[in-house]
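Contents: one structure, followed by commentary.
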Amino acid sequence: MGCAVRLTLKFLSAASIALTLSVSAAAAAEVSYIKAGSLFDSRSGKVTRNAVIEIAGQKIVAVSGPDTVIPGDAEVIDLSESFVIPGLMDMHTHVIGHLDSYFFAGYFQSPHRATIGGVVNAEKTLMAGFTTIRNVGASDYADIALRNAINAGDIPGPRMAVSGPGLGITGGHCDRNSLNPSFEERSDGVADGPWAVREQIRKNIKYGADLTKFCATGGVFSKGTKVGMTQYTLEEMQAIVDESHTHERKVAAHAHGTEGIKRAIIAGVDSIEHASFLDEEAVQMGIDRDVYFALDIYNTEYTLERGAANGVPEENINKERAVGTRQRQSFTLAVEMGAKVVFATDSGVYPHGDNGKQFARAVRFGMTPAQAIQSATSVSADLLGWEDRVGEIAPGMYADIVAVDGNPLDDIAELEDVDFVMKGGVVYKSE
Ligand SMILES: [Zn+2]
């Protein structure tokens, strides 16, 4: 805890320096240099030795070789013994939420408490090296408040692309179905019919959503839904996609079952979340239509190990058992067929800050270590449409930079414990 407090203070002092700079109007942005022993190029997958990264303010301005002349009075961050990669990106997180691991804790804590949980979880995620996340589904527009507070510099956290409430059918996976009818339990994003879904998307955008998330099939952690069963008609899915794309918002479809995956791809979504029951035809459809697959292949281990102790009902643990093995096979199939696979963990199902544990699974189930890092950097940036600002260490990009002592291309598990985190030119962690 003491460590976290120290880091927060460090962040605050950095933020106040940034403030002082902006107050002094046109003062030149502060310039610093990073000496990188090994530098990973997330576009080519290649490594350069002894590179120098020049940073001005929040952005990278140059990447050059060891002969670079560094001005004597410049600030130099020495990572010459480290392996340096772009800030990591997780395309499927749920950072808003209670801090209690008890499965039904949400029923006993207010939305405000869940938002405060989000503040804590966002910092843990950043400290784990994840400088950008896509948060897919949150009640009460808490995700938008959190994103805005981070962007304003009030609190430390990753850059966030957020969806607001996920859309879903009445009684489906994106609804809440545990209580008896007299409670009139209902999730924020429930909408049935083409015009109702359009209205919900317009509302989400009105309050600041960056993208749309909807549930195209049942899911593991909902009551009374079957993971293989499709939710929403094609007409409704097409309305969701059309309305979102009209407003230049991408669409993430939660889909486990094969038919639901295919229907969502036909409707024109941008990413398939979970993608548990893929077949060759579904993968090929995704490749042909430029769809990204976001498979969360770590959290099954956590759920099967800790779920019962956390109060997860038997119904849900059994569903996880049924999905887990097939989902890993689907991951292997998608990677082998050359589909675009992003790093996406479903954080919140397992403790926040453990996001990096999925890297070792990605390698075990078919990616090379370089591919695994690319999935969490350049490929994720492409999915967000943020390839002009994150996912790469290159001039013009935000200075979002992570480093580890060892070589993750030799041992990918290095990324479970990153040693250095910079976001937007500010150092948040340095060990
Ligand atoms: Zn999820």
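Data overview
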{"quantity": "P(r) of segment 88-228 over all Cα-Cα pairs, binned every 5 Å from zero, in whole percent", "calculated": "2, 10, 18, 22, 21, 15, 8, 3, 1"}
{"quantity": "List CYS215, CYS174, ordered by accessible area with a 1.4 Å probe, largest first", "calculated": "CYS174, CYS215"}
{"quantity": "Gaussian network model of the chain, Cα within-10 Å springs - most flexible of LYS357, LYS226, LYS46", "calculated": "LYS46"}
{"quantity": "Top of ALA372, ALA196, ALA267 by mean-square fluctuation, Gaussian network on the chain, Cα under 10 Å", "calculated": "ALA196"}
{"quantity": "Cα-based Kirkwood hydrodynamic radius, segment 126-175, one decimal, Å", "calculated": "11.8 Å"}
{"quantity": "Among GLN329, GLY366, ILE412 - extreme Cα towards positive end, dipole of segment 315-417, charges at beta-carbon", "calculated": "GLN329"}
{"quantity": "Of all DSSP beta bridges in the chain, antiparallel share, percent nearest 5", "calculated": "45 percent"}
{"quantity": "Accessible surface of the chain [probe 1.4 Å, protein heavy atoms]: carbon and sulfur percent", "calculated": "52 percent"}
{"quantity": "P(r), alpha carbons of the chain - 20 Å bins starting at zero, rounded %", "calculated": "27, 57, 15, 0"}
{"quantity": "Top positive-direction residue, dipole computed over the chain with Cβ charges, set THR300, ALA282, VAL95", "calculated": "VAL95"}
{"quantity": "Sorted largest first, extent of segment 217-264 alpha carbons per principal axis (Å)", "calculated": "33, 18, 14"}
{"quantity": "Within segment 278-342: Cβ-based charge dipole about Cα centre, in debye rounded to nearest 20 (Lys, Arg +1; Asp, Glu -1)", "calculated": "140 debye"}
{"quantity": "Proximal lysines to LYS223, defined as alpha-carbon separation beneath 18 angstrom and excluding residues fewer than eight positions away on the same chain", "calculated": "LYS319"}
{"quantity": "Average accessible surface area per residue within the chain, 1.4 Å rolling probe, Å²", "calculated": "41 Å²"}
{"quantity": "Volume of the Cα convex hull of segment 373-431, divided per residue and given in Å³", "calculated": "85 Å³"}
{"quantity": "Total charge dipole magnitude, the chain, about the Cα centre, Cβ charges on Lys, Arg, Asp, Glu only, Debye to nearest 20", "calculated": "560 debye"}
{"quantity": "Bridge type composition, segment 262-421 - antiparallel percent by DSSP, nearest 5", "calculated": "20 percent"}
{"quantity": "Cα-based shape type of segment 173-319, given that a ≥ b ≥ c are square roots of the gyration tensor eigenvalues and the cut on a/c is 1.5", "calculated": "oblate"}
{"quantity": "Normalised alpha carbon radius of gyration of segment 236-356 [divisor 2.2 N^0.38 Å]", "calculated": "1.10"}
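The values are calculated or read from the model by the stated rules, or taken from the named source; none is laboratory data. None of these values were measured; they are calculated from a predicted model. Backbone-built Cβ (ideal geometry, glycine too); neighbour counts: all protein chains shown. Heavy atoms of the whole protein, side chains included, go into the accessibility calculation; ligands, DNA and RNA do not. Shrake-Rupley method; radii C 1.70, N 1.55, O 1.52, S 1.80 Å.
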